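Report on the structure given below.
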Amino acid sequence: MKFPERFSNLPAYAFPRLRALLDPHSAGGPVVNMTIGEPKHPFPEWVPQVLAEHVEGFASYPPNDGAPELLDAISGWVTRRYGVAFDARDRAMALNGTREGLYNVAMALLPEEKRGKRPVVLIPNPFYQVYMIAAISVGAEPVFVNATRQSGFLPDYGSLPADVLDRAVAAYVCTPGNPQGAVADAGYWSNLLALAEKHDFRVFSDECYSEIYRGETPPMGLLTAAERHGADPERVTLFQSLSKRSNLPGLRAGFIAGGAESIRRVRQLRAYSGAPMPLPLQKVAERAWSDEDHVIANRALYAEKYAAADDVFAGVPGYAGPAGGFFLWLPVEDGEKAALKAWTETGVRVLPGAYFGQAVDGENPGTHYIRVAMVAPIDEMVPALTRLRDCLYT
């Protein structure tokens, strides 16, 4: 029996690769896992009550697109957060987390060819791995664009040759970025949207870290930028989640938002292939999108972590704290060697940066970095970061 070739050359996913690297060796100290981006701050205290009040909803099939009340809560949040008039009943749908949307949007919206040629999907490098799989699944060519210190840790899609851009059908952006924590500003968005119009491709913006940031000013999102730029709503698609914003990764609650026709097509596909969120979970999501108090409190905890990390790594050459999100992108000589050294000498588990990237012109832009998730409680995080610093930088 033959198997499809399109997935045959995929590298092992980051976490199996990490286990193969570290698990044959013993921890060199108290184990602290700083690999996975799973928030550990408390989720809102009202979650169990909302679940209990609506537990009977498990007895019914839920609406595929999201209950009207949930969509209205999303409408309100998008309008407040992005400063745009927005009706989620036409322009959004609920997701079981953003990963399924980031994958299915390619199936629903991307053409099989462009100008008689194989289409291209533009992907930041390093990147969240679902972007690549989405492109491959629809027969597109993933083109990886390095996001390095020189480019502000954001991909410079405008640097690509015109013939590549003319084949492009979509560009993924993650802001604040995973893993580097870089934030797209108004200038970046304006340039990208102008490029997308010139070469006729879509922009897919993964903003699941958007509510964790330094200072008082939230990062500009795609919907705000598109409104200011006057972009066609069908050209832009936003992905949002409660996993990081509300410390609810196990709820699997997110949404996709875009132009009405784009969302109609995603809804149609998902009606056949997707699984809607159970109603009790939709009620929790409805409440979460309607409440900002817990988000403000959560952001204050991360502000303390930013300050603590800056203090621990002050003086380390090349260190730069993230503008948003909760990952440190720490420079090292070799990410795999550094991760193994940290594990065997300190018991701190971190991820080699190369596991998030692909080689472009023979070089993986993550090779000389490790990713460190600042998700543990601060009284556990600071000693772990200190051990990591003393192990790798002294």
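The values are calculated or read from the model by the stated rules, or taken from the named source; none is laboratory data. Just so it is clear, the model here is predicted, and its values are computed rather than measured. Virtual Cβ from ideal backbone geometry, glycine too; neighbours counted across all protein chains shown. Note: areas computed on protein heavy atoms with side chains; ligands, DNA, RNA excluded. Shrake-Rupley method; radii C 1.70, N 1.55, O 1.52, S 1.80 Å.
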Legend entry - Net charge contributed by nearby residues that have their C-beta within less than 11 Å of T346 (K/R +1, D/E -1): +2
Inset, instruction - State the percent of C-alpha pairs, over all pairs in the range 57-131, separated by a distance greater than 14 angstrom. - result: 73 percent
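Can you give the percent of C-alpha pairs in the range 182-282 whose distance is more than 18 Å?
Distances greater than 18 Å cover 55 percent of the Cα pairs.
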Legend entry - Å² of accessible area per residue within the range 161-229, as computed with a 1.4 Å probe and no ligands counted: 34 Å²
Inset, instruction - Answer rounded, prolate or oblate for the range 63-188, using the Cα gyration tensor with square roots of eigenvalues a ≥ b ≥ c: rounded when a/c is under 1.5, else prolate when a/b is larger than b/c, else oblate. - result: oblate
Inset, instruction - Give the long-range amide H neighbours of A94: residues separated by 5 or more places, or on another chain, with amide H under 5 Å away, using H modelled in the peptide plane at 1.01 Å from N. - result: G66
Inset, instruction - Work out from phi, with θ = phi - 60° and the Karplus expression 6.51 cos²θ - 1.76 cosθ + 1.60, the ³J(HN,Hα) of each residue of the range 202-219, listed in order in whole Hz, and give x for Gly and Pro. - result: 8, 10, 10, 10, 8, 10, 6, 9, 5, 9, 10, 7, 7, x, 9, 9, x, x
Legend entry - Stokes-Einstein D (µm²/s) once Rh is taken as the Kirkwood radius of the range 1-153 over alpha-carbon pairs, at 10 °C in 1.306 mPa s: 78 µm²/s
Legend entry - For the range 366-373, 3J(HN,Hα) per residue [Karplus equation, 6.51 cos²θ - 1.76 cosθ + 1.60, θ = phi - 60°, Hz, x = Gly/Pro]: x, 4, 9, 9, 10, 9, 10, 8
Legend entry - Along the chain, longest interval not containing exposed GluC sites (Glu not before Pro), exposed being DSSP loop plus at most 15 other Cβ atoms within 10 Å: 114-215
Inset, instruction - Excluding residues on the same chain fewer than 8 positions from K305, give the aspartates and glutamates whose Cα lies under 13 Å from its Cα. - result: D379, E380
Legend entry - Local net charge near R387, Cβ-Cβ under 13 Å (Lys/Arg +1, Asp/Glu -1): 0
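Of all accessible surface on the chain at a 1.4 Å probe, what whole percent is carbon and sulfur? Mind dumping the intermediate values first?
Working: 8780 of 16610 Å².
Roughly 53 percent, rounded to a whole number.
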Legend entry - Under 5 Å, built H, 5+ apart or other chain: amide partners of S243: L248, A253
Inset, instruction - Rounded to whole Hz and in sequence order, give me ³J(HN,Hα) for the range 146-162 from the Karplus expression 6.51 cos²θ - 1.76 cosθ + 1.60, θ = phi - 60°, writing x for Gly and Pro. - result: 4, 10, 10, 4, 5, 9, x, 6, 10, x, 8, 5, x, 7, 6, x, 4
Legend entry - Rg/Rh ratio calculated on Cα atoms of the range 237-374 (Kirkwood radius): 1.07
Inset, instruction - Please list the non-local residues whose amide H lies under 5 Å from the amide H of V145, H modeled 1.01 Å from N, same-chain partners needing a gap of 5 or more. - result: I123, N125
Legend entry - Charge sum, other residues only, whose C-beta stays under 11 Å from D163's C-beta, Lys/Arg counted +1 and Asp/Glu -1: +2
Legend entry - Surface per residue (accessible, 1.4 Å probe) for the range 252-394, Å²: 39 Å²
Legend entry - Per-residue [θ]222 nm for the chain (sum of -39500 (n - 2.57) over DSSP H runs n ≥ 4, rounded to 500): -12000 deg cm²/dmol
Inset, instruction - May I ask for the equivalent-ellipsoid semi-axes of the chain, computed as the square root of five times each C-alpha gyration tensor eigenvalue and listed largest first in whole Å? - result: 32, 27, 21
Legend entry - Measure of compaction for the range 286-332 (Cα Rg per 2.2 N^0.38 Å): 1.48
Legend entry - Size of electric dipole in the chain: Cβ of Lys, Arg +1 and of Asp, Glu -1, about Cα centre, debye, nearest 20: 720 debye
Legend entry - Part-to-part distance (alpha-carbon centres) for the range 376-391 and the range 181-224, which is given in Å: 32 Å
